[in-house]
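As structure tokens, the structure follows; a few thoughts come after it.
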Amino acid sequence: MQKSEIMPRKAFFSKQEIIDKALEILRQQGPEAISARSLCKALGCSVSPLFTVYKNMDEIFSDLHAAAEKLFETYMADVTDYQPAFKEFGMRLVKFSREEPQLFHYLFLDKNSESIVADRKARECLQNIEGEYDLSEKQGLELYFQMWVFACGLSALCNKNPQQYSDSDISYLLSLQFSSVLTFLKSGREVLDITPIKK
């Protein structure tokens, strides 16, 4: 090797080690606690090894989001093996919001938050619904939308106050919402708009 050739600096940490530490901080303190400084402090290194592996923090956050999604996917692994699948989806979403409050906030409540896994799993539930309950594609999409909004809203409430509803409360509320929307859609009636009361 010629003297003019420079060997690349060896990284002290792998990408996996860095993301594991970032995920640990995220789960404990939330995304606002993650910075180059906090990561380096947690890893016990200077900034140099961190950016030998990654070009910038945007790359780190991209891999961190993927890691958060992967963890969320473990909660939804076999959700379509249950009937109705959307109720099971809702139960697991609430469980995730309680057990992983920071991750739930990061994936569902933060500005510009997005969970591709949640959308994919919810749509898998939708496919089961259309066949099981003899719904048209339009009716299935409407039921999907209504249950998605309700499950997310319920999970957000439990994220802020985990003890607000018991598991039996959650089960009942999801069943009632599912049955009510399903019955309404099958009835063929139109949703009434708000009108002023004539005096």
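Values for this structure:
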| quantity | calculated |
| --- | --- |
| Flag if SER179 is on the phi < 0 side of the Ramachandran plot and assigned to a helix (DSSP H, G or I) | yes |
| Residue match in segment 154-177 (condition: outside the structural domain of LEU26 (by TED's automatic domain parsing), touching a Ser or Thr at 6+ places or on another chain (Cβ under 6 Å), of a type in the set (Val, Ile, Thr) and crowded, with 18+ Cβ neighbours inside 10 Å) | no |
| The listed residue being farther than 30 Å from GLU100 by Cβ, outside any helix (DSSP H, G or I) and in contact (Cβ under 8 Å) with a residue 40 or more places away in the chain, out of LEU192, LEU135 | LEU135 |
| Test: GLU142 is farther than 21 Å from MET76 by Cβ, surrounded by 13 or more Cβ atoms within 10 Å (Cβ to Cβ) and touching a residue at least 40 places away in the same chain (Cβ under 8 Å) | yes |
| Selection status of ALA77, over 16 Å from SER155 (Cα atoms) and assigned to a helix (DSSP H, G or I) | no |
| Helices (runs of 4 or more DSSP H) contained entirely in segment 11-73, each with at least 1 residues that are farther than 19 Å from PHE96 by Cβ, among the β-branched types (Val, Ile, Thr) and not assigned by TED's automatic domain parsing to the domain that holds LYS111 | 15-29, 47-53 |
| Test: residue in segment 83-104 that is touching a residue at least 24 places away in the same chain (Cβ under 8 Å), surrounded by 15 or more Cβ atoms within 10 Å (Cβ to Cβ) and more than 25 Å from SER175 (Cα to Cα) | yes |
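The values are calculated or read from the model by the stated rules, or taken from the named source; none is laboratory data. None of the values given here were measured: they were computed from a predicted structure. Here Cβ is always computed from backbone atoms with ideal geometry, including for glycine, and neighbour counts include all displayed protein chains.
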